[in-house]
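Quick note: the coordinates plus some simple rules give every number you see, no bench work behind them. What you are looking at is a predicted structure, and each value in this text was computed from that prediction instead of being measured. All Cβ positions, even for glycine, are placed from backbone atoms using ideal geometry, and neighbour counts span all protein chains on display.
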Amino acid sequence: MHAARTETPARDFETRARTDARHDRIFHGALKSCALLVLAALLGAALSMLWGGREVLFQHGFHFLTSSSWNPVTDDYGALAPVFGTLVTSLIALVLAVPLSFGIALFLTEIAPVWMRGPVGTAIELLAGIPSIIYGMWGLFIFVPFMARIEPALSSTLGQIPLIGKLFEGPPLGLGILTAGIVLAVMILPFISSVMREVFQTVPKRLKESAYALGSTTREVVWDIVLPYTRSAVIGGIFLGLGRALGETMAVTFVLGNSDNITSSLLMPGTSISSSIANEFNEAVGTHRSALIALGFLLFVVTFIVLLIARLMLRQLARREGN
Amino acid sequence: MSSAIYTRRRITNAVAMVLSSIATVIGLVFLAWILWVTVSNGISALNLKLFTRITAYGADGGLSNAIVGSLGMDLLALLICAPIGVLAGTYLAEYAATSRLGATIRFLNDILLSAPSIVLGLFVYVIVVVPMSNVTHGAVSFSGVAGAIALALIGLPVIVRTTDEMLQLVPGSLREAALSLGIPQWKLTVQVLMRAATSGILTGVLLALARLAGETAPLLFTAFGNNFMTYSPLSKTASVPVAIYQYTNDPNPALHAIAWAGALLITLFVLALSLLTRLFFSRKKVSHD
C-alpha cells in the first residue's frame, strides 16, 4: 500500500519529464529547421542561379566577363556593358549620397534642436519606405524632363573643363547614366544616413564633452572625435548603401535609357545588370535567358561581397561597444 | 595671431553647420517632391473604375484584378514567411544567442535583408516556375504562388530579425521564474516569452508587409501579370506594382494616369503601415531603455 502510494506520483513525474523532454526536442528541431531555411534560401539563391546560367557561364566562361557585345540574334553575350552601367551608376550614387547622408546625420545628432530631430529623422527615413517603382515613375515623368533642361548648362560649364569635360558631353536627353545615378543617390540616402546617425549616437558622451570642454567647435568634435571613433561603422553604412544601389532595379530601369553601349559620357543612355534582366527576361528564350540568369549570378556575387564587407565593418563597432 | 586662428575655426564651423543643414533640406525637398508628384497625379486619376474594372479594358479600365492579385499574394506571402520567420527568430534568440551557428545565421539573415530583390525573383523562377512548368508540361508556369514565395523571401529576414531582437528584450528574470516552476522549455517559449513579445513580433510582421507590398522586380518573373481577374493561385496573377510598371512603359498617357493612381494607392498603403509601426515601435523602445 505504502509503496504503491509513493510510486504513482514518482512514475507520473518520470513519464511527464520524459514527454516534456520529447516535446522539447521536437520544438527545438522545428525551430532549428526554420532557422536553417534562412541559410538554405541564401545558398539556394546562389546555386540556382549558377545552375540557371550554367550554359553561358561555363561555355563562354571568360568571354562572358570580358566581352561587351550583347547580341541575342547571334547568341553572343558579354556582361561588360551591364556591369559597367551598374558600377558607374552606383559610384555616382555614392559620390552624391555619402556627403549628403553625412550632413543629414550630423544635422540630426549635433545641430538640430532636440524637438526637431525626431520628426526630421522620421521624414528622411520615409524616403526609404517609398516603393522603388515610385522612384522609377517620378524619375521618368518628372526628373528626366528636369534633367533635360539642366543638362545643356552642365555641358557648357562642367563640359568645358579639360579632363572631366568628357563626362558631360552629349545630347541633353535627360535619360542616362547620370540621371540614374542621381535617382539612386536619393534612394540610398536614408539608408546611409540612418546608419551614420545611429552610430554617431553610440559615441560616449564623455569623449565629446571632454573635447567641448577643451574648446573644440562642433565641426572639430565631429571630425576629430566622432568620426575616428565610428570610422568602421560609417564605412559599413556606406557599403550597405552601395549594396542597395548595385541591386536596385525599378528606380533605374526607366531612366537609364536601355542601350548596350559603353560610353565615356555620363549623359548618354546605358544599361545595368538589373535593368537588362527586367527589360529582357520575359521575352528571352534559351541561351538568352541563361545569359540573363548568369548576369543575375554576377550581381548576386558582387552584392554579397559588398554586403559582407558592410556587415563586418558594422560589427566591429558593435563589438567595441560591448567591451 | 591667435584671434585669427580662432576666427578661422569659427568660420569653418559655421560653414560646416550650414552645409549640413543644406544637406538635410535637400533630402526633405526630394521627399516632398516625390510625395507631391505622386499625390497630385494620383488624386486626379482616382475614380470608381479603378476598383471595379479590370486591366483588360486598357485606358478605359481600372486595376481591380491587380488590386485583388496584390492583396492575395501579399497575404499568402505573409502566411508563408510569418510562421517561419517567427520560429527562426525564436531559435536565434532562445537557443542560439551565443552559438556559432546562431551568429552565422544572424549574419546571413542580415545579408538576405539587403539582397537585391530581382535576384530573389530569378531564384524563385529557377526553383519554382521552371520545375512547375516541367512537371505540368506547361499548364502551370508563372503563378501567384511563385509570386508569393518570392515576396515571402523578402519579408522573411525582416521578421527573423525583429523577432530575434524583441525576444532578447524580454527580461531574463521572466525565463528564470518560469523555469524554476518546472515548465518545459517549449511551454516557456510559447506561453511566456512569445506572449511578452507579441507586440514586437507583430511589429516585425507589419514591417515585412510594408516592405514586400511595394516590390515589383521579384514579381516580374514569378507572378508575371494578367489582364483578367483570377482567384486561382496557380494561374498568372496581376499585381499593382507590375501593372504600374507595364503602364509606365506604355506610350499612352491615359495609362500613365492609371499608373499614377495605382502608385498613390501603393504609396499610401506602404507609408501608412511603416508610420504606424514606427509609432508603435518607438513607444515600446522607450519603455525598455
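Among complete DSSP H helices in chain B, those whose alpha-carbon atoms stretch at least 24 Å along the helix's long axis and whose mean Kyte-Doolittle hydropathy reaches 0.0 are B:2-45, B:64-90, B:144-169, B:253-288. Using a cut-off of 14 Å between beta-carbons, work out the net charge of the residues near A:Ala278 (Lys and Arg +1, Asp and Glu -1, A:Ala278 not included). For residues surrounding A:Ala278, the net value is -3. Once Rh is set to the Kirkwood radius over Cα pairs, what Stokes-Einstein translational diffusion coefficient, in µm²/s, holds for chain B at a temperature of 10 °C and a viscosity of 1.306 mPa s? In µm²/s, the coefficient is 73. Here the average projected area of the convex hull drawn through the C-alpha atoms of the protein assembly as shown stands at 36.0 nm².
Among B:Asp74, A:Asp20, sorting on how many other beta-carbon atoms sit within 10 Å of each Cβ, with the fewest leading, yields A:Asp20, B:Asp74.
In terms of surrounding Cβ atoms within a 10 Å radius of their Cβ, A:Cys34, B:Cys81 rank from fewest to most as A:Cys34, B:Cys81.
What fraction of the Cα pairs in the stretch B:1-45, stated in percent, has a spacing above 18 angstrom? In whole percent, the share of Cα-Cα pairs in the stretch B:1-45 beyond 18 Å is 56. Under the convention that each Lys and Arg Cβ holds +1 and each Asp and Glu Cβ holds -1, the size of the dipole of the stretch A:139-249 around its Cα centre is about 260 debye. In this Cβ point-charge picture (+1 for Lys and Arg, -1 for Asp and Glu), the protein assembly as shown has a dipole of about 1700 debye about its Cα centre.
Dividing the helix sum by the residues of chain B, where each DSSP H run of 4 or more adds -39500 (n - 2.57), gives a mean residue ellipticity at 222 nm of -23500 deg cm²/dmol. Binning the C-alpha pair distances of the stretch B:121-205 at 10 Å intervals from 0 yields a P(r) profile of 16, 29, 19, 18, 13, 4 %, listed from the shortest bin outward.
Largest first and in whole Å, the equivalent-ellipsoid semi-axes of the stretch B:1-100 read 49, 34, 7, each the square root of five times a Cα gyration tensor eigenvalue.
The relative contact order of the stretch A:1-126, computed from alpha carbon pairs under 8 Å that lie at least 6 residues apart in sequence, is 9 percent. Computed over neighbours whose Cβ is under 12 Å from that of A:Pro131, the net charge equals -1, Lys and Arg +1, Asp and Glu -1. Kirkwood hydrodynamic radius computed over the stretch B:40-146 comes to 17.5 Å, based on all pairs of distinct alpha carbons. For chain A, modelled as a GNM whose springs connect Cα atoms under 10 angstrom apart, the maximal fluctuation among A:Ile273, A:Ile188, A:Ile235 occurs at A:Ile235.
At q = 0.15, 0.19, 0.22 Å⁻¹ the log10 of I(q)/I(0) for the stretch B:142-261 amounts to -0.77, -0.97, -1.12, computed by Debye summation with a single uniform scatterer per C-alpha, solvent ignored. At 222 nm, what helix-only mean residue ellipticity would chain A give, in deg cm²/dmol to the nearest 500, using -39500 (n - 2.57) for each DSSP H run of four or more? Counting only the DSSP helices, I get -24500 deg cm²/dmol. Of the residues B:Met229, A:Met268, the one with the fewest other Cβ atoms within 10 Å heads the list, and the complete ranking is B:Met229, A:Met268.
By the compact-protein rule of thumb, 2.2 N^0.38 Å, the alpha-carbon radius of gyration of chain A corresponds to a ratio of 1.36. Working note: Cα atoms of the stretch B:165-210, range along each principal axis, descending, whole Å: 40, 16, 11.
One Cα centroid belongs to the stretch B:45-66, the other to the stretch A:25-71; the line between them spans 39 Å.
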